[in-house]
Protein chains: 4
Amino acid sequence: MFIRFITTGGTIDKVYFDALSQFEIGDSQVRHILSDGLADFDYEVVPLLQKDSLDMTDEDRGKLHDLIAADDAERYVITHGTDTMSETADVLADLEGKTIVLTGSLSPARFKSSDAIFNIGMAVATAQIAAPGVYIAMSGQVFRAGEVRKNRTENKFEKA
Amino acid sequence: MFIRFITTGGTIDKVYFDALSQFEIGDSQVRHILSDGLADFDYEVVPLLQKDSLDMTDEDRGKLHDLIAADDAERYVITHGTDTMSETADVLADLEGKTIVLTGSLSPARFKSSDAIFNIGMAVATAQIAAPGVYIAMSGQVFRAGEVRKNRTENKFEKA
Amino acid sequence: MFIRFITTGGTIDKVYFDALSQFEIGDSQVRHILSDGLADFDYEVVPLLQKDSLDMTDEDRGKLHDLIAADDAERYVITHGTDTMSETADVLADLEGKTIVLTGSLSPARFKSSDAIFNIGMAVATAQIAAPGVYIAMSGQVFRAGEVRKNRTENKFEKA
Amino acid sequence: MFIRFITTGGTIDKVYFDALSQFEIGDSQVRHILSDGLADFDYEVVPLLQKDSLDMTDEDRGKLHDLIAADDAERYVITHGTDTMSETADVLADLEGKTIVLTGSLSPARFKSSDAIFNIGMAVATAQIAAPGVYIAMSGQVFRAGEVRKNRTENKFEKA
């Protein structure tokens, strides 16, 4: 079993820089999470972007789409900012024969209390056992692309 | 979507009692993990046992089997000690029409670095999307009951 | 032994709000830290301000000064943003007969890896055993007010 | 400022070995704690023993005593099991001209919630600012050797 992880930024990878008194996107936490999770399968992490998902452009999404289209893996986990995760999922929906799972977190993985590890765990299981297609694993649930939105008021993902 | 969690003990729930300089099984960490994971679905936690899995008896496994057989839920996550997790999975294999996922952890959930949260994340996703059957979610992988064993030397789960 | 804690904000209490994709100062972490630290002495926490220390005004410092001057405790720990911690220490220097320790952290207490707990531990010990005066406990060291500055380039406190 | 750390084992350094379903004393957590605490001073860590303090012998205490007596540092932090920490403190009481602080923790440093970091923070501050003598930093307090005991029923340190 092989999973290709592609990291694009978002809250999950945010760090705090005291010098600037602000948050920025830091190195991906995926390897740490898989290591703590004692994950024992083959994988590779491709760091594609380090962006807040509100700043992702059509060009960025195109780049992600083309990377997967040209690649021979069957299973993908994409870490992504939450605000436009469902838009990116829609853009990937035409990719056939691959199980693609987008996830991220509502609080940074570097926090003591974060949904990041739980969400990566969900995504890894989904990438293994779900039929080919595009999924979002957030808020304790596995949604199909096109049937999910972020409810910003309640800060959670729900059926669209 | 509703998941019934059944807790039986094991390393995942171990605490350390300084007074005795020893480890014992404490309250289940499942609720904390689901809360940190921002899981937004209906669930119930049934505390059935608090045992090291080496101490589980046929009677204990029978009790677990009967609880699920008599219950009307369709999705279950069972936290369990790792040493006899696959034996318990085998005992549940005849239960039809239900998706049952066993998980646990190799280091206690109360540790800073533990596979517990990751594993519960995997189990929750598997309970939602896998076909009816019995599964073990450990070592970053989702195994089918009857096709998995704990490799004690390398301290991981692998295909049997 | 009694210590009065006064919280004024700063990085130590920062939380991340995904809805806004930004950091803000949240509830004080002092009680959690003392509870995790199994601290067994009498104390009270006074939440005075919730400010980045760059935003603290002379009026804010005057309020802090007057609160302590009018109070009958002998030992204080003040949590404070790091950028102007030494300025605030200077303003308190004329308060006699009291041991006053300022501390804070360079990364938020809510992070997995943070200097917050360590610094509060240092401050609590200093408040108990140091002679009356004003101190800053940061970067693993206990400095006297007037003899310390934040080195912004290296992001640490050092002798002035 | 230089502090020599001497590690002797105890709960603070305990790890859990799933293979054996038991706890043992692992590598010292002192370096990790100082690193997370952003401690910026010179120090050295001497790993002397890896024992539960109930297993410490007179010979062990003699070895610790002689190590410090023959050494030219002025400040020491000793990590130690809690059950006989005060006995060891008594044995060191005749060492003059040195500030020696014993500390440890009631729950392992590897736990998410532990008094370990807080206690090391207290010990580091005490080693810097206390007059020469032997101290115990536990339960949020700095005690003098000879005036402190562990209350096993309430699992805390208190004035003897």
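Would you check which residues across region D:51-84 are within 14 Å of chain B (Cβ to nearest Cβ) and not acidic (Asp, Glu) and list them? The answer is D:Lys51, D:Ser53, D:Leu54, D:Met56, D:His80, D:Gly81, D:Thr82, D:Thr84.
Which residue is farthest from the other protein chains (Cβ to nearest Cβ), if the candidates are limited to region D:30-50 and must be of a type in the set (Asp, Glu) and surrounded by fewer than 16 Cβ atoms within 10 Å (Cβ to Cβ)? Checked region D:30-50; the qualifying residue farthest from the other protein chains (Cβ to nearest Cβ) is D:Glu44.
Filtered by the rule that a residue be closer than 25 Å to A:Arg31 by Cβ and in contact with a Gly (Cβ under 8 Å, 6 or more places away or on another chain), region B:124-143 gives B:Val124, B:Ala125, B:Met138, B:Gly140. Within region C:37-77, the set of residues being among the acidic types (Asp, Glu) and farther than 30 Å from C:Arg152 by Cα comprises C:Asp40, C:Asp42, C:Glu44, C:Asp71, C:Asp72, C:Glu74. Among the residues of this structure, D:Asp94 counts as one that is more than 9 Å from chain C (Cβ to nearest Cβ) and either out of contact with any strand residue (DSSP E or B) (no Cβ under 6 Å at 6 or more places or on another chain) or surrounded by fewer than 22 Cβ atoms within 10 Å (Cβ to Cβ) (or both). A:Asp13 passes every criterion in (1) modelled with pLDDT of 95 or more; (2) crowded, with 23+ Cβ neighbours inside 10 Å; (3) out of contact with any helix residue (DSSP H, G or I) (no Cβ under 7 Å at 6 or more places or on another chain) apart from (1). A:Phe111 - would you say it is facing another protein chain (nearest Cβ under 9 Å), closer than 30 Å to D:Asp36 by Cα, out of contact with any helix residue (DSSP H, G or I) (no Cβ under 9 Å at 6 or more places or on another chain) and aromatic (Phe, Trp, Tyr)? Yes. Restricting to region D:132-141, name every residue that is within 12 Å of chain C (Cβ to nearest Cβ) and surrounded by 24 or more Cβ atoms within 10 Å (Cβ to Cβ). Answer for region D:132-141, where residues must be within 12 Å of chain C (Cβ to nearest Cβ) and surrounded by 24 or more Cβ atoms within 10 Å (Cβ to Cβ): D:Tyr135, D:Ile136, D:Ala137, D:Met138, D:Ser139, D:Gly140. Looking across region C:147-160, the residues that are at pLDDT 95 or above and either more than 10 Å from chain D (Cβ to nearest Cβ) or open to solvent by 60 Å² or more (accessible area, probe 1.4 Å) (or both) come down to C:Glu147, C:Val148, C:Arg149, C:Lys150, C:Lys159.
Set side by side, the residues A:Ile117, A:Ile129 differ, and just one is open to solvent by 50 Å² or more (accessible area, probe 1.4 Å), at the interface with chain B (Cβ under 7 Å from one of its Cβ atoms) and of a type in the set (A, V, I, L, M), which is A:Ile129. Across region C:102-146, the number of residues qualifying as modelled with pLDDT of 95 or more, of a type in the set (A, V, I, L, M, F, W, C) and closer than 30 Å to A:Asp13 by Cβ comes to 5.
Looking only at region B:120-155, residues that are in a strand (DSSP E or B), more than 15 Å from B:Thr88 (Cα to Cα) and within 15 Å of the chain's Cα centre (by Cα) come to 2 in all. Counted as qualifying within region D:1-119 are the helices (runs of 4 or more DSSP H) with 2 or more residues that are closer than 30 Å to C:Phe111 by Cβ, namely D:30-36.
The values are calculated or read from the model by the stated rules, or taken from the named source; none is laboratory data. As the structure is a computational prediction, the values presented were derived from the model and not from experiment. Neighbour counts are summed over all protein chains in view; Cβ atoms, including those assigned to glycine, are modelled from backbone coordinates with ideal geometry. For accessibility, only protein heavy atoms count, side chains too; no ligands or nucleic acids. Shrake-Rupley method; radii C 1.70, N 1.55, O 1.52, S 1.80 Å.
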